[in-house]
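Inspection log for the structure reproduced underneath, given as structure tokens.
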Amino acid sequence: MNPNRLFFIGILFLMTVLSCKQEKPESQDQTLESFRGEVAATLVNIAIAEKKSFDYLINASGKLEAVNQVKIVVQRQGILNELYVKEGDFVEKGKILARLDESNIQFNLEKAKIQRKNAEANYQSEILSFQTLMESGDTAKIARIQDQLKAKSGLFTSEIEMKEAELDLQKGVIIASISGRIADLKIKKGSLVSSGEDLLEIINVNQLELKVKVLESDISQISIGQSASIFPVSGGAGDILGTVRSINPKVDDNGLVQVSIQVSGNTGLLPGMNARTVIRSPQNNSIVVPKQALVYRSGRPVVFTVEKNESKWNYVEVGKDNGKEVEILTGIEVNATVITSNNLQLAHQAPIQIAKD
């Protein structure tokens, strides 16, 4: 082949190679804007970060109890002659519930009365010997002699025995100490009962309280008189209002504090029912976003905001959470537009499209 022709072909090959090397950097220098143009925008919903008051919700469960509930106890031994109530009956305070047999007590009372009369006669006979002293007007000596003669004649003892018999007679009449409904009737008519034995309970079902256990970390958010909602496990009663009645000033071994919620009004609920409560603790002047706006990346809370049709990654410090809204302490400004959907895998400065309502 002609040497000149080979030289010419070599020059052309070298120029082609150099031309390819110059074109390669141009393909690598594609701008970020052109790359973003090739990525489809993520469709998102948005909300506004508002500065407002919101309710921090404290949830707890427990059992309903009667505020007024007493056990009626038999105060002396005897036969239960009469029983005037049954379980479920409503009784007013002071109503007679039952009577014990009085025959022995009546006999003891009559005997005590006779003994007192005898002792009185002996006393009067003895005091005649001190007529002059009785007329002297010396009150201190008269009182001293009278006490001595009452003791000597047995008048003091007979008076005490008569009062004991009268008290035993009163104990045989069992009376309601509060108004309410009869529950847990334990003894039947005609039974022999002992002193101290439980007869029944009286429960005021119109005044109930829900006793719950609250985390010690939440107890600073609760105060007497605070409003609450009560939801029976059985359902059907709807949202029942209540107020914080008492707070036990002691933390148990599990880090819980007992709180009593008084139920408002006559709700048809009964003691022993299971229920849960939601205690509302208002938080004032906080930056609040919907809970859907909060995501976690590597264990840290993040809220995406909107900036020029792109997502912006913001690390935030989270406060209280009521299940619907979250308090943001730092990280975003008030009135910021936050992303509330499709944000779990969203990246920083990713193109977004805001969904229309």
Listed by first then second residue, the pairs whose first member lies in the stretch 40-58 and is touching a residue at least 12 places away in the same chain (Cβ under 8 Å) and farther than 30 Å from Gln221 by Cβ, whose partner is assigned to a strand (DSSP E or B) and hydroxyl-bearing (Ser, Thr, Tyr), with beta carbons under 8 Å and at least 6 positions apart or on separate chains, are Thr42/Ser311; Val44/Ser311; Ile46/Thr337
Checked the stretch 132-153 for anything among the hydrophobic types (A, V, I, L, M, F, W, C) and more than 18 Å from Ala121 (Cα to Cα); matches are Leu133, Ala140, Ile142, Ala143
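Go over the candidates Leu200, Leu192 one by one and state the one that is within 21 Å of Met273 (Cβ to Cβ) and either modelled with pLDDT under 95 or out of contact with any Cys (no Cβ under 6 Å at 6 or more places or on another chain) (or both).
Just one listed residue meets the conditions, Leu200.
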Checked the stretch 270-298 for anything exposed (fewer than 13 other Cβ atoms within 10 Å of the Cβ), in a loop (DSSP other than H, G, I, E, B) and touching a residue at least 40 places away in the same chain (Cβ under 8 Å); matches are Gly272
Residues of the stretch 147-189 being polar (S, T, N, Q) and crowded, with 17+ Cβ neighbours inside 10 Å, in sequence order, are Ser153, Ser158
Counting only residues in the stretch 282-328 that are in contact with a strand residue (DSSP E or B) (Cβ under 7 Å, 6 or more places away or on another chain) and among the small types (Gly, Ala, Ser), the one nearest to Asn59 (Cα to Cα) is identified as Gly323
Quiz item: Given the structure, is Ser158 in a loop (DSSP other than H, G, I, E, B), small (Gly, Ala, Ser) and at negative phi?
Solution: no
Margin query: Tell me yes or no: at least one residue of the stretch 312-325 is more than 16 Å from Ala47 (Cβ to Cβ), among the polar types (S, T, N, Q) and not in a loop (DSSP other than H, G, I, E, B).
Written below: no
Subset of the stretch 299-311, residues among the small types (Gly, Ala, Ser) and either surrounded by fewer than 16 Cβ atoms within 10 Å (Cβ to Cβ) or assigned to a loop (DSSP other than H, G, I, E, B) (or both), comes to Gly299
Q) What about Lys117, is it open to solvent by 80 Å² or more (accessible area, probe 1.4 Å) and within 26 Å of Lys189 (Cβ to Cβ)? A) no
| message | closer than 24 Å to Ser158 by Cα and open to solvent by less than 40 Å² (accessible area, probe 1.4 Å): is that true of Ala112 in this structure? | response | yes
Scanning the stretch 232-257 residue by residue, those open to solvent by 60 Å² or more (accessible area, probe 1.4 Å) and in a strand (DSSP E or B) turn out to be Leu241, Arg245
Selection from the stretch 323-357 of residues open to solvent by 90 Å² or more (accessible area, probe 1.4 Å), without any contact (Cβ under 8 Å) to a residue 60 or more places away in the chain and under 25 Å from Lys51 (Cβ atoms) yields Lys324, Asp357
All conditions in (1) within 30 Å of Ser194 (Cβ to Cβ); (2) part of a loop (DSSP other than H, G, I, E, B) are true of Gly137 except (1)
Flagged pairs (Cβ under 8 angstrom, 6 or more apart or on separate chains; first in the stretch 196-220, under 30 Å from Gly319 (Cβ atoms); second of a type in the set (Asp, Glu)) are Leu210/Glu65; Lys211/Glu65; Lys213/Asp252
Of Ser227, Ser223, the only residue that is more than 14 Å from Ser264 (Cβ to Cβ), open to solvent by 40 Å² or more (accessible area, probe 1.4 Å) and among the hydroxyl-bearing types (Ser, Thr, Tyr) is Ser223
Going through the stretch 198-218 in order, the residues found to be closer than 20 Å to Val85 by Cα and either of a type in the set (Ser, Thr, Tyr) or open to solvent by less than 70 Å² (accessible area, probe 1.4 Å) (or both) are Asp198, Leu199, Leu200, Glu201, Ile202, Ile203, Asn204, Val205
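The values are calculated or read from the model by the stated rules, or taken from the named source; none is laboratory data. In this text the structure is predicted, and so the values were computed from the model without any measurement. All Cβ positions, even for glycine, are placed from backbone atoms using ideal geometry, and neighbour counts span all protein chains on display. Heads up: the accessible areas ignore ligands, DNA and RNA and are worked out on the full protein's heavy atoms, side chains in. Shrake-Rupley method; radii C 1.70, N 1.55, O 1.52, S 1.80 Å.
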